[in-house]
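Read through the structure below, which is laid out as structure tokens, and then see the notes.
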Amino acid sequence: MWLLPLAPSGPRRDNPRHLPSCSPALLLLLGSCLGVPGVAAGSRRPNVVLLLTDDQDEVLGGMTPLKKTKALIGEMGMTFSSAYVPSALCCPSRASILTGKYPHNHHVVNNTLEGNCSSKSWQKMQEPNTFPAILRSVCGYQTFFAGKYLNEYGAPDAGGLEHVPLGWSYWYALEKNSKYYNYTLSINGKARKHGENYSVDYLTDVLANISLGFLDSKSNSEPFFMMISTPAPHSPWTAAPQYQKAFQNVFAPRNKNFNIHGTNKHWLIRQAKTPMTNSSIQFLDNVFRKRWQTLLSVDDLVEKLVKRLESNGELDNTYIFFTSDNGYHTGQFSLPIDKRQLYEFDIKVPLLVRGPGIKPNQISKMLVANIDLGPTILDIAGYNPNKTQMDGMSLLPILKGARNLTWRSDVLVEYQGEGRNVPDPTCPSLSPGVSQCFPDCVCEDAYNNTYACVRTMSTQWNLQYCEFDDQEVFVEVYNLTADPDQITNIAKSIDPELLGKMNYRLMMLQSCSGPTCRTPGVFDPG
């Protein structure tokens, strides 16, 4: 498939094959991207590929189906065992990846236009400062996007599919939320509809083919950045035909917090019905199985991409990142299926990286977050991330094996609950304010499911401290060393002095910006 860059009219007008002559000012800007750590003088700057799945958990075995991905990326590089998202929902999390900022700084709070998801305000205030925009305008990278962007992308009230965000020289974006068939793509600002013929329309495979086409037709004179964002394993969980009978003997994990009452937790968790009905368990088991089936096509995509990079002679000079926008749950604390909650299964994600200078078969326990991806990729491109207003930290020193590295011990997790002042149509008997309700009237969200947490990991402590913005000012605290399934809320038994310190740290992180988000935590020296 031959790909064309954005046309000379409309947004983002630099044809990657024919960059304009460099003025002294532009040469100065480009010069700020040339000093790449570990890259010999005169050699080409590294390429970067970011593979992003949708709703793929880490805690419940979400990487299990991806055998080729683990072999081709994880075993050839580094796997992060403590990777988190700053918000357990698609649009806020994806905004954090693009901007390197916590949600309170990029102001995307949920999946709606009103919540700033792909809104006019987002386009004006945040898109010009994303890391792909810097890669394109300052570092001269070819930038390629294919797949799901933000949940409200393509909405008529936000510019429709004609809108192409600043910074992208090739743009193949899905209209709105994940689908596998019967969707529309924005091809550099022009709509292309797809149907339901597997051979030409199955979205994961379409993204693979578009990506391979880019690798074959791109310019060889500039480095490239690719972001490939798959629908899998998001609902409606439509597997490719050849994978629809896979994992027939697989069931959702029956771990310690499966199908139990969420004692001493926020009221939204306590309202779940325990034990779940047999039909509810059968439903979530089927969802779990289908999610894994959809990931098999992602595994194929990764294999094709790596093989094409290798055959094109690009693999040894390319960093490949693999991660997800948030986790997922299937029956934990008797909540059927969703994300949004503060627990490990929803906020922890896979993160695998391979590339030049990264030794194979490494596991890093460092506490990282998806706000670190932007700073890391800019660092790889030779651009100093400290010149930005990003909240995250570059992972490049970790990836390169730096010793005696000073690193963070905590990250912020924040979420603003969704719920309107009307009853949910699925459960009209319930009070207004709940949302994401199932037929048995178990609800996954509410307007006051609004919380902020400090997730702390140090040599001595493995804690999570959370506060809800509700009438109770409800607090949840977990010692994950003793209680990895977060069954026992120790807020009323923990040392009050420690509780006070974590409360203060949470308030500080909730108001942080840029460098102040990287100050020492409660358990750090100083």
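The values are calculated or read from the model by the stated rules, or taken from the named source; none is laboratory data. Quantities reported herein were computed from a predicted structural model and do not represent experimental measurements. Every residue, glycine among them, receives a Cβ derived from its backbone with ideal geometry; neighbour counts consider all protein chains shown. The accessibility values were calculated without ligands, DNA or RNA, using every heavy atom of the protein model including side chains. Shrake-Rupley method; radii C 1.70, N 1.55, O 1.52, S 1.80 Å.
Among the criteria (1) out of contact with any Lys or Arg (no Cβ under 8 Å at 6 or more places or on another chain); (2) surrounded by 24 or more Cβ atoms within 10 Å (Cβ to Cβ); (3) assigned to a loop (DSSP other than H, G, I, E, B), the one TRP168 does not fulfil is (1). In the range 173-195, the residue that is nearest to PRO92 (Cα to Cα) out of those that are crowded, with 16+ Cβ neighbours inside 10 Å and touching a residue at least 40 places away in the same chain (Cβ under 8 Å) is ASN177. Only helices (runs of 4 or more DSSP H) whose full extent lies in the range 197-285 are considered here, and the ones with at least 2 residues that are over 30 Å from GLU472 (Cβ atoms) and touching a Lys or Arg at 6+ places or on another chain (Cβ under 7 Å) are 203-217. Filter the range 406-434 for residues that are in a loop (DSSP other than H, G, I, E, B), open to solvent by less than 40 Å² (accessible area, probe 1.4 Å) and of a type in the set (D, E, K, R) and give the result. If the condition is that a residue be in a loop (DSSP other than H, G, I, E, B), open to solvent by less than 40 Å² (accessible area, probe 1.4 Å) and of a type in the set (D, E, K, R), then ARG408, GLU418, ASP424 are the ones that fit.
Residue pairs whose Cβ atoms lie under 6 Å apart, separated by 6 or more positions or on different chains, with the first residue in the range 411-422 and modelled with pLDDT of 90 or more and the second open to solvent by 30 Å² or more (accessible area, probe 1.4 Å) and not polar (S, T, N, Q), are GLN416/VAL109; GLY417/TYR447.
Within the range 293-325, the residues that satisfy the criterion of being farther than 13 Å from ALA208 by Cβ and open to solvent by 30 Å² or more (accessible area, probe 1.4 Å) are GLU310, SER311, ASN312, GLY313, ASP316, ASN317. Residues of the range 474-526 that are of a type in the set (S, T, N, Q), within 27 Å of LEU405 (Cβ to Cβ) and over 24 Å from the mean Cα position of the chain (by Cα): ASN479, THR481. Taking the criterion of being part of a strand (DSSP E or B), among the hydrophobic types (A, V, I, L, M, F, W, C) and within 15 Å of LYS265 (Cβ to Cβ), the residues of the range 435-481 that qualify are CYS443, ALA446, CYS453, CYS466, PHE468, VAL475, VAL477. Look at the range 490-507: where a residue is assigned to a helix (DSSP H, G or I) and a partner is at pLDDT below 95, sitting 6+ places away or on another chain with Cβ atoms under 8 Å, you get LEU498/VAL522; LYS501/VAL522; MET502/VAL522; ARG505/GLY521; ARG505/VAL522.
Considering the conditions (1) polar (S, T, N, Q); (2) more than 30 Å from GLY313 (Cα to Cα); (3) buried (at least 21 other Cβ atoms within 10 Å of the Cβ), SER235 is excluded by exactly one of them, (3).
Taken over the range 140-158, the criterion of being surrounded by fewer than 24 Cβ atoms within 10 Å (Cβ to Cβ) and over 20 Å from ILE187 (Cβ atoms) is satisfied by GLY140, ASP157. Among residues of the range 67-107 being free of Cβ contacts under 8 Å to residues at least 24 places away in the same chain and touching a Ser or Thr at 6+ places or on another chain (Cβ under 8 Å), the one that is surrounded by the fewest Cβ atoms within 10 Å (Cβ to Cβ) is HIS107.
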